[in-house]
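Data block below; observations after.
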Amino acid sequence: MNERVKKLRQESLNTQPYISIQRASLVTEAYKKYEGTVSIPVLRALAFEHLMENKNICIGEGELIVGERGELPQATPTFPELCCHSLEDLELINNRKKISFKVNQEIKEIQKEKIIPYWKNRSIRSRIFKEMTPEWKECYTAGIFTEFMEQRAPGHTVADDKIYYKGFSNFIQDIEKSIQNIDYLNDFEAYDKQEELKAMLICAKAIIRFAERYAEKALEMAEGEKNPRRKKELKKIAEVCLYVPAHPPRNFWEALQMYWFVHIGVIGELNTWDSFNPGRLDQHLYPFYKKGLEEETLTWEKAKELLECFWIKFNNQPAPPKVGVTLAESGTYTDFANINTGGLKVDGSDGVNDLTYLILDVIDEMRLLQPSTNIQLSKKSPDRFLKRAGEIIRKGWGQPSVFNAEEVIEEMLRQGKSLEDARCGGTSGCVETGAFGKESYILTGYFNLVKVLEITLNNGIDPQTGKKIGMESGELIQFNSFKELLAAFKRQLHYFIDIKIRGNNIIERLYAIHIPAPFLSIIISDCIEKGKDYNAGGARYNTDYIQGVGIGTITDSLSAIKYHVFDQKNINMKKLKEVLKNNFVGHEEVRQLFLNKTPRYGNDDDYADDIMKLVFNAFYKEVNGRKNTKGGVYRINMLPTTCHIYFGSVVGATPDGRREEQPLSEGISPVQGADRLGPTAVIKSAAKMDQVKTGGTLLNQKFTPQLLEGEKGIDSLAHLIKAYFKLGGHHIQFNVISADTLRAAQKEPEKYRNLIVRVAGYSDYFNNLSKTLQDEIISRTEHQSC
């Protein structure tokens, strides 16, 4: 990287994230001024307009791509309309040793005097907890499930290519046309459509004005700039900002800046599950790249420099801190923006191009946590593509992850999406599949499959609290067969899924009514045509996901019960209950029996893997196809982020030999250390899950660095990935590091400040992880051969 990029990158890495109160203050001002005098969509738009007109404008020294969510890099705004932080929250955020945000006294005073009094009972989180049933609250508290939308706005969503051929002046024309077409005589939703479209119009004009303010700032800086080269750059920045986002970009620089203004608008309007990103960046930008090279207005070196400046912008935006359980499960600065490369084009041909390889070079050189990156590997992808990605993977910092492009497309086709929309889609966040620019795909929260089994084994009672939170499904000692036990588990599963979805349907309506997102709605297909908000069913596709957690732990637990209680009959149910209640204390021989003499998932053993399929299919059947409030349906994902740590903390000892409070299994990976026959056996077990039924699965593998050395190492990695995808795998990612290195980093963290590891669907600095999470990563099986 050149000196400019080195400097900007180091500044991004060295700057301590801090809480900015500016957004909260401006939004509060707008609400106080307009609330009760205009419709809620227009209120939201006026708050966005007030933010775009008044937030501080920052252009850093040497920057080429401009725009920050806060007033400076690493300035992290809060979203009090979603969740209003208490003063205690701010103290915790400031003082904790890891993932801290500095909070000065002035911010605390403003929060105390201005923000909390207004938002304490108005925030969406406050509204949600007021509306939820006692059953829902008990399940939430017990760790049956989490709820994303109690403090994040809904929306795993990704941009498509429309923003590269339509400027916001074009969107304004579309909105005005849609307003003219409202049928006030026959459409009972006419007024609602009018107000939503008026709100979109305000937002479209606001983002143009926001860019104009950057142009004005750049020209002002150019006036006083002594360096001729920088003066010229500042004038160029002004030219770019005066053209985009008002108009469609004409060149590579403008295309990057166009996206970035949209990005800042989306994540400034609402904290939309932290994962908004440009999606198929190599395909979207390739026409601009190709044209620039052909016309000799762009060089490879300049394109690389602009992309690297673009990468730094993502790294300048830490994920806003949450509260409570969500804060515990998402202890990271990472904002989960996940850029796709490769895959297929809309006509079904190979999507890899020259820009794809340049982006891979940028990923390799920048080595930043944000943005996350992945490759979409198709059967049509050239071998060179996977090989280049493998060279980066073996460097051991967890990027890029690898997705099965055909499987991702098939998942969307099974959900009823068109072939064209499916091919233009991909994955975001950790592993989640969606139709880019056309879908509202909402993650509603994690679901603790293992906790449901624990409650089943205790006839509806949570043994951690003694409360009855489930249904009576039968006393453990009365089950005479594995079939009876499984039937009882399914009844409990049905009971808890009902509670979860009932709550989510209410939460969706709260968002549709109180927290529309008119700016985001502009760039999502069909919202303008329908006159409906993204949060109210305006998108072409509207999917809700519940994420299953702990499939490895519950599989091995049921396998142990089936094998030892019902098949081998070397332990009875009464003994099992006593052993689990005592956390294996005084029963180590039983624990070793469970750990070492039981068929376990991840070893290509049909005894265990068939049980995995039974649990997976039960979860799928309970969730899939249930209707949401936006004209779409519920579906499942199988991923935890880091929630398997939290879920493990609320579950007692389990029949797989796991002690109480230890982490559950991660993603669809086997229980840590249970896979003993190598990575090939793992992928064969995981592939027995019908992954195309999901909207995403996450499989982690850990290799020693020696395994991937040389050409042979890269070839072995490629063969493993291709074999898994041929079997129907959705996703795979790798940690390439030894457990000894990780243990050394725990003991002497100051020597390993730059050590990055793959956590779940993202990478993070090892030193930033909690010790529990560090231990969990260390305990994952370390494969030394393929």
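The values are calculated or read from the model by the stated rules, or taken from the named source; none is laboratory data. This structure is a prediction, so every number in the text was calculated from the model and none was measured. FYI the Cβ positions are ideal-geometry reconstructions off the backbone, even for glycines, and counts take in every protein chain you see. Just the protein is used for accessible areas: all its heavy atoms, side chains included, with ligands, DNA and RNA removed. Shrake-Rupley method; radii C 1.70, N 1.55, O 1.52, S 1.80 Å.
For the range 346-374, a residue qualifies if it is among the aliphatic types (A, V, I, L, M), assigned to a helix (DSSP H, G or I) and open to solvent by 20 Å² or more (accessible area, probe 1.4 Å), but none of them does. The residue that is surrounded by the most Cβ atoms within 10 Å (Cβ to Cβ), among those in the range 459-477 that are more than 22 Å from G648 (Cβ to Cβ) and touching a residue at least 24 places away in the same chain (Cβ under 8 Å), is M471. Note on the range 540-577: residues that are open to solvent by less than 40 Å² (accessible area, probe 1.4 Å) and assigned to a helix (DSSP H, G or I) amount to 16.
Checked against the criterion of being open to solvent by less than 10 Å² (accessible area, probe 1.4 Å), out of contact with any Leu (no Cβ under 7 Å at 6 or more places or on another chain), more than 20 Å from G437 (Cβ to Cβ) and not in a loop (DSSP other than H, G, I, E, B), the candidates Y214, Y191, Y259 yield just one match: Y214. Of all residues in the range 217-234, those being surrounded by fewer than 17 Cβ atoms within 10 Å (Cβ to Cβ) and either under 23 Å from E295 (Cα atoms) or touching a residue at least 12 places away in the same chain (Cβ under 8 Å) (or both) number 4. Pairs are defined by a Cβ separation below 7 Å, a sequence spacing of at least 6 or placement on different chains, a first member in the range 92-121 that is assigned to a helix (DSSP H, G or I), and a second member that is among the polar types (S, T, N, Q) and modelled with pLDDT of 95 or more; the pairs so defined are I110/S25; K114/S25; K114/T28; I115/T28; Y118/T28. Just checking, does the range 157-165 include any residue being crowded, with 24+ Cβ neighbours inside 10 Å, on the phi > 0 side of the Ramachandran plot and modelled with pLDDT under 95? Scanning the range 157-165 turns up no residue that is crowded, with 24+ Cβ neighbours inside 10 Å, on the phi > 0 side of the Ramachandran plot and modelled with pLDDT under 95. The condition of being open to solvent by less than 10 Å² (accessible area, probe 1.4 Å), in contact with a helix residue (DSSP H, G or I) (Cβ under 9 Å, 6 or more places away or on another chain) and closer than 24 Å to F616 by Cβ holds for I732.
Look at (1) hydrophobic (A, V, I, L, M, F, W, C); (2) open to solvent by 10 Å² or more (accessible area, probe 1.4 Å); (3) part of a loop (DSSP other than H, G, I, E, B) and you find that F129 fails only one, number (3). When the range 129-163 is filtered for residues that are within 30 Å of D174 (Cα to Cα) and of a type in the set (K, R), the ones remaining, listed by number, are R152, K162. Here V759 meets the list (1) modelled with pLDDT of 95 or more; (2) buried (at least 22 other Cβ atoms within 10 Å of the Cβ); (3) of a type outside the set (D, E, K, R) almost entirely, failing just condition (1). Filter the range 452-467 down to residues that are within 16 Å of Y140 (Cβ to Cβ) and part of a strand (DSSP E or B) and give me whichever is nearest to the chain's Cα centre (by Cα). Looking at the filtered set, the residue picked out is D462.
All of (1) within 22 Å of F584 (Cα to Cα); (2) under 24 Å from the mean Cα position of the chain (by Cα) hold for E666 with one exception: (1).
Tell me, please, whether a residue that is touching a residue at least 40 places away in the same chain (Cβ under 8 Å), in contact with a Pro (Cβ under 9 Å, 6 or more places away or on another chain) and either within 30 Å of K193 (Cα to Cα) or surrounded by fewer than 24 Cβ atoms within 10 Å (Cβ to Cβ) (or both) can be found in the range 582-596. No, the range 582-596 contains no residue that is touching a residue at least 40 places away in the same chain (Cβ under 8 Å), in contact with a Pro (Cβ under 9 Å, 6 or more places away or on another chain) and either within 30 Å of K193 (Cα to Cα) or surrounded by fewer than 24 Cβ atoms within 10 Å (Cβ to Cβ) (or both).
The single condition among (1) over 23 Å from the mean Cα position of the chain (by Cα); (2) under 30 Å from E508 (Cβ atoms); (3) among the charged types (D, E, K, R) that D656 does not satisfy is (2).
Counting only residues that are open to solvent by less than 20 Å² (accessible area, probe 1.4 Å), polar (S, T, N, Q) and farther than 26 Å from K575 by Cα, the range 629-672 holds 4 of them.
Filtering the range 6-25 for residues that are aromatic (F, W, Y), outside any loop (DSSP other than H, G, I, E, B) and within 23 Å of N95 (Cα to Cα) leaves a non-empty set. Quick one: in the range 676-695, of everything that is among the aliphatic types (A, V, I, L, M), touching a Ser or Thr at 6+ places or on another chain (Cβ under 9 Å) and not in a loop (DSSP other than H, G, I, E, B), which residue is farthest from H719 (Cα to Cα)? Only one residue fits best here, namely A686.
Only one of the numbered conditions (1) assigned to a helix (DSSP H, G or I); (2) touching a strand residue (DSSP E or B) at 6+ places or on another chain (Cβ under 9 Å); (3) closer than 21 Å to N271 by Cα is not met by H85, and that is (1).
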